Each structure stands twice: as C-alpha cells, then as structure tokens.
1. In this structure, does Asp137 turn out to be charged (D, E, K, R), outside the structural domain of Tyr308 (by TED's automatic domain parsing), part of a helix (DSSP H, G or I) and without any contact (Cβ under 8 Å) to a residue 24 or more places away in the chain?
2. Look through the range 298-318, keep the residues that are part of a strand (DSSP E or B) and under 20 Å from Lys224 (Cβ atoms), and return whichever of them is farthest from the chain's Cα centre (by Cα).
3. Quick check: is even one residue across the range 29-39 more than 17 Å from Gly4 (Cα to Cα) and in a helix (DSSP H, G or I)?
4. Here are Ile285, Ile278: which of them is at pLDDT 90 or above, in contact with a Ser or Thr (Cβ under 7 Å, 6 or more places away or on another chain) and surrounded by 19 or more Cβ atoms within 10 Å (Cβ to Cβ)?
5. Which numbered condition trips up Thr25, out of (1) in a helix (DSSP H, G or I); (2) free of Cβ contacts under 8 Å to residues at least 60 places away in the same chain?
6. Take the residues in the range 269-297 that are among the charged types (D, E, K, R) and in a helix (DSSP H, G or I); name whichever of them is nearest to Gln139 (Cα to Cα).
7. Residues in the range 285-318 that are of a type in the set (Asp, Glu) and within 17 Å of Leu155 (Cα to Cα): how many?
Amino acid sequence: VPPGKYKFRVQSLDEANPELISGKTLAITVLPPWWLNWLAYIVYILAGIGLLILAWKMVLFILKRKNDVYIDRRLCELKIKFFTTISYELRTPLMLIKAPLQELKEKENFSSKGKWYIDLIEKNTDQMLQLVNQILDFQKIHNGKMHLNVSLIDLNEIMDSFYKEFRILSEENEVTYSFHLTDNVIMLWADKGKLNIVIRNIISNVFKFTPSGKSITVSTGITKNGKKCYIRIEDSSSIEIPGNKTSKISERFSQGETSWDPHYQGTDIDLALSKELIHLHHGSIVVKNRENQGTVFTVELLLGKKHYKNSEVTFCME
C-alpha cells in the first residue's frame, strides 16, 4: 500500500429492520519507509551537494595537473631550444680553438709551463665540446630522432677501459679506486658509444662527490634471474645526495647543489642524458643513498636483443 492517509469504513445491515444501517469509520495513516522520509531527503540533498563539490574539485585538480604538465613541457622545450641554439653557436668557435691547439702541440716546442698551459686549454676545450654535444644529443632524444647503433659488446672489456681512464684522476684526488668485475663473460647488445657516455658521466659525477681519503668501487654482474646485467658504482663518503636530488636525476638542466666542493657548480645534463640513453636501451638507473655511507648508482640492462624494435635501432656486426 502506498504511503498516505486512508479511511476504513464498516457498515452493518439488520435483516429484521432493513432501514436500520449502522457503521464505523477507522482512519489509517501508512507511513513512508525510512529511506523516503524527510530526514532521508535532507541526507540525499546534502550528499548530492557534497558529490557536486567533490566533482568540481576533481575537475579543477585535473585541469591544474594538465596545465602544470603543459607548462613543464613548454619550459622544457624552451630550455632545450635555448641551450641548443647556444650549443650551435659555441661549437664552431670551440672547434676552431681545438684544431690550432693540435697543430701547436705537434709542431711547436714549448717550455714545460707552456705545455702545461696548452694541455689545460685543450682539456677545458674538450670538456666544453663534450657538454655541447650532450645538449645536442638531448635535443635529438627530445625530438625522437636519437637512433641506436646496437652491436654485441663485452661489458667487462668496456669497464676495464674506464678503470684505466680514471686511474690518474683517482691518484690526483687521493681516492681509492677499485674494480670488481664478474668472472662471467657478459655479452651485451648495446650502442657502445652511448653506453660509454653513460658510464663516463656517472663515474665522473661520483668523483665530484667523493672527497680525498674515501673510495669508489665499480662492479658488474648478472641478476639472479639471468635476464639482466648490472653496473654498480658506489662511493664510501658520508655525503649523500638529497632525496629530492635523486628523484630529479632525470630532470633536464637542474642545477647541481650538493657537491662537497663549494667551488663545484654545474648542471646535471650529463646525468639526465645518461638516464635518457639507458631508457632508449630499455634499461634503468637507480640511485640509492646509504646513511653515512655515500651513494650507489646501479645501471641495469636487459640481456639479449628481443626487447629492441627494428624502428628504433640498427643492428651492427663488429
């Protein structure tokens, strides 16, 4: 019976006296169920208003996130465009400096101090050229034009060359520099030139954060499941990279702030480029701080070549 007010009437008829009619009326009120009473309607209205407010806030949040992403993307594009333009402008004069330096070193005789100055100029010119080339590589990656030339390489052989390359720097900085390479032969499908850039950038940054008297250890190996190989670079300093720094290691052109050397100021383009290059290899770079024990960089790369697409790489046979 629907909710409402009803009247129940009863009449009686006396057969002995048909004209005598008597009756009773009973008023009945059927109340609505609890979910249809006025209190429930108030709750429904309040809940509806709450849902509308929540939906409005969600829309505003989504719009804000989209706007933030758009702004970040535009800023990134403007930064890359700016640095790329500057890089093209710098590259030509740097090459014009480097070529005469080579000729001077080969054909002219200098005093020991003169040779030291020439070597210093050449070293800094090479560093500038390296930075310029990394910025240009960043532009290629951003525009989706970076192409890998993948070949089968011996990872331990590459790592051994970096031991020789940084050994003099470790002696100059009084840093213990040790390698622990796995006895297993690790044959890896990768772009040798790009992988060299990644390893060199990471080791260079670890040296920047490692003071005299401390140590740097480089190791290689294969993961337990046998699907990946890894390169681990760790230092024993008590200086840690802050959490916001490790989370932004792939952020383009962020300013370095945490070097132990107060005179060291620079961008993290090298680390950002390294992460992008490893991403092109379908690998990963993980950075972990160890309390009072320094930082560990771990690069993981997939073994085999099934993960590469023909559209993104060119397979070379060495």
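The values are calculated or read from the model by the stated rules, or taken from the named source; none is laboratory data. Because the structure is a prediction, the values reported are computed rather than measured. Methodologically, a virtual Cβ is constructed for each residue, glycine included, from the backbone with ideal geometry; neighbour enumeration extends over all protein chains shown.
1. Working: charged (D, E, K, R): yes; outside the structural domain of Tyr308 (by TED's automatic domain parsing): yes; part of a helix (DSSP H, G or I): yes; without any contact (Cβ under 8 Å) to a residue 24 or more places away in the chain: no.
No: the conditions fail for Asp137.
2. Among residues in the range 298-318 that are part of a strand (DSSP E or B) and under 20 Å from Lys224 (Cβ atoms), the one farthest from the chain's Cα centre (by Cα) is Leu302.
3. For the range 29-39, residues more than 17 Å from Gly4 (Cα to Cα) and in a helix (DSSP H, G or I): present.
4. Working: Ile285 fails: at pLDDT 90 or above.
Sole residue among the options that is at pLDDT 90 or above, in contact with a Ser or Thr (Cβ under 7 Å, 6 or more places away or on another chain) and surrounded by 19 or more Cβ atoms within 10 Å (Cβ to Cβ): Ile278.
5. (1)
6. By that ranking, first place goes to Glu276.
7. Residues in the range 285-318 being of a type in the set (Asp, Glu) and within 17 Å of Leu155 (Cα to Cα): 2 in total.
One line per residue, one yes/no per condition, for (1) more than 28 Å from the chain's Cα centre (by Cα); (2) without any contact (Cβ under 8 Å) to a residue 60 or more places away in the chain:
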| position | (1), (2) |
| --- | --- |
| Ile158 | no, yes |
| Tyr163 | no, yes |
| Phe166 | no, yes |
| His180 | no, yes |
| Asp191 | no, no |
| Leu195 | no, no |
| Asn205 | no, no |
| Gly213 | yes, yes |
| Gly226 | no, no |
